[in-house]
1. Regarding the range B:115-136, can at least one residue be identified that is at the interface with chain A (Cβ under 10 Å from one of its Cβ atoms) and modelled with pLDDT of 95 or more?
2. Within the range B:14-109, which strands (runs of 3 or more DSSP E) (wholly inside it) include 2 or more residues that are within 16 Å of ligand 2 (Cβ to nearest atom) and within 26 Å of the chain's Cα centre (by Cα)?
3. Can you tell me which residues in the range B:81-94 are surrounded by 20 or more Cβ atoms within 10 Å (Cβ to Cβ), more than 11 Å from residue B:164 (Cα to Cα) and either at the interface with chain A (Cβ under 7 Å from one of its Cβ atoms) or within 16 Å of ligand 1 (Cβ to nearest atom) (or both)?
4. Would you mind telling me which numbered condition in (1) surrounded by 19 or more Cβ atoms within 10 Å (Cβ to Cβ); (2) within 16 Å of ligand 1 (Cβ to nearest atom) residue B:203 fails?
5. Looking at (1) assigned to a strand (DSSP E or B); (2) in contact with a helix residue (DSSP H, G or I) (Cβ under 7 Å, 6 or more places away or on another chain); (3) surrounded by fewer than 18 Cβ atoms within 10 Å (Cβ to Cβ), find the lone condition where residue B:299 falls short.
6. Residue pairs, Cβ under 6 Å, 6 or more apart or interchain, first in the range B:31-47 and in contact (Cβ under 8 Å) with a residue 24 or more places away in the chain and within 14 Å of chain A (Cβ to nearest Cβ), second in a strand (DSSP E or B) and away from ligand 1 (no atom under 13 Å from the Cβ). List them.
7. Do we find a residue being touching a strand residue (DSSP E or B) at 6+ places or on another chain (Cβ under 8 Å) and part of a strand (DSSP E or B) anywhere in the range B:242-261?
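The values are calculated or read from the model by the stated rules, or taken from the named source; none is laboratory data. This one's a predicted model, so the numbers in the text were calculated from it and none came from an experiment. Every residue, glycine among them, receives a Cβ derived from its backbone with ideal geometry; neighbour counts consider all protein chains shown.
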Ligand SMILES: Nc1ncnc2c1ncn2[C@@H]1O[C@H](COP(=O)(O)OP(=O)(O)OP(=O)(O)O)[C@@H](O)[C@H]1O
Ligand SMILES: [Mg+2]
């Protein structure tokens, strides 16, 4: 029942990896600045903008509370506008990335908060500007935690990408639904699961290695 | 020179109450001197240093650095003023992910100095704190004392004329404390630094400070030269601090029977403080030969305060008609004499 499926698995795996990598990159690129603002924009923070801070914080919470499957459907018009289609791997990246931005923003926020306040003050007393504080102290010191956040985001996206696959997003989720579920092909289903497990293990292993290599405490 | 004028600071607690932490503090730290500030935990010492470099804004009052008011300046001018004041903390506050070199270089990078200049400066600083063999180590690979030396080098990177130290030795063992204090003193001498040294250890003040201010409940209750404060402490708090440093103080059992009123027969207890040449005079035996009274030394301690000898002793003098003469003689000889009270002969044997 698995004959001739190798090519399908390979290209589906590739699609899944592509979706995860692209959406993780977008989530980090946009989520990190948001996390930094969540950290420093509050009253008394080094770039304090209390009203904007409340707005961003509320926005992040709202986005975090919408179930992914609903977010995906709700974003169809935007996806169409951005990639010209609402099905396929490229189309899946849009909701995946948008869903992951607030997720990573919160993780980044928590990582930055964990940097001791006394270190922030020490650097302040050395005459650091807010920008120097963020780029050379806070983000730098939080790097191991941020790396773990990136890993967690990517691993979480594996699950969501499979969900995206069920509604025409491509990748391993798509294979599992089309062959495994619709055609009752149990071996295909199992192989898909094994591939996903291996993928997650690899990502976690890589992420741990990365974070540990950044950590000097 | 740093001048603090009428500094007041009140914290509003979450419960809605307000807590007065600094209450009209006035202090002048002369150029090139080490000013020690001592007080019990919660006295407001940390809040006071934090007001000096603007980490904390006082509710009212003024801070002057060489005549420039620091509380009214713009953010960028404050940053500039901060590079003239190095600060050292109890919990060192090094960046964990930066090497010793990078940590010390950090204030220079903030200033935008060029690479070669930074390299040279950092290596010379690390040489001064004897850490040239640790350049590429991370803070986690260093001992507490070594970490504090890195922090000292970092605080001095921009060649600030002022150094603010908040409990810099409180987390260190006695021996390392000694090393750090002598390093501080030698750096202060060679660079002519103005130092504000916050501590709760009287021993640290005794060894390095020129002047000392005593804080209690947000107020400066006493200020003067270290020798003066050690010889003639005026307030109870200061007396207690000085006594605990000299490991002096009557045992509780003796204190219980010591009374302010003279007794029929017994002993008069005195605390005597002396310094410098007086230490070399055999005053006790002289009392005996001159007046025929025996002085019994209960406790004694000899230390150096700010480089000169200072001794403290607690003596019991047998009550006799000569008592006023004996005390007078001791005072004339240059001792600071403080009467502790009288103990009945019967009580004496009991205690
Ligand atoms: N941010 C703050 N909010 C409220 N209260 C504060 C704050 N910072 C300090 N305090 C209070 O102010 C008082 C003085 O604190 P401070 O840290 O200046 O004391 P300290 O003399 O340095 O004590 P220690 O020797 O323990 O370091 C304390 O009662 C403390 O609880
Ligand atoms: Mg303190």
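1. No; the residues of the range B:115-136 include none that is at the interface with chain A (Cβ under 10 Å from one of its Cβ atoms) and modelled with pLDDT of 95 or more.
2. In the range B:14-109, B:18-29, B:34-39, B:85-88 are the strands (runs of 3 or more DSSP E) which contain 2 or more residues that are within 16 Å of ligand 2 (Cβ to nearest atom) and within 26 Å of the chain's Cα centre (by Cα).
3. Correct list: B:92, B:93.
4. (1)
5. Just one mismatch for residue B:299, condition (2).
6. Sorted first by the residue in the range B:31-47, then by its partner, the list stays empty.
7. For the range B:242-261, residues touching a strand residue (DSSP E or B) at 6+ places or on another chain (Cβ under 8 Å) and part of a strand (DSSP E or B): present.
A quick yes/no check of all residues on (1) within 14 Å of chain A (Cβ to nearest Cβ); (2) closer than 27 Å to residue B:150 by Cα:
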residue: B:7; (1), (2): no, no
residue: B:11; (1), (2): yes, no
residue: B:17; (1), (2): no, no
residue: B:50; (1), (2): yes, yes
residue: B:54; (1), (2): yes, yes
residue: B:58; (1), (2): no, no
residue: B:69; (1), (2): no, no
residue: B:96; (1), (2): yes, yes
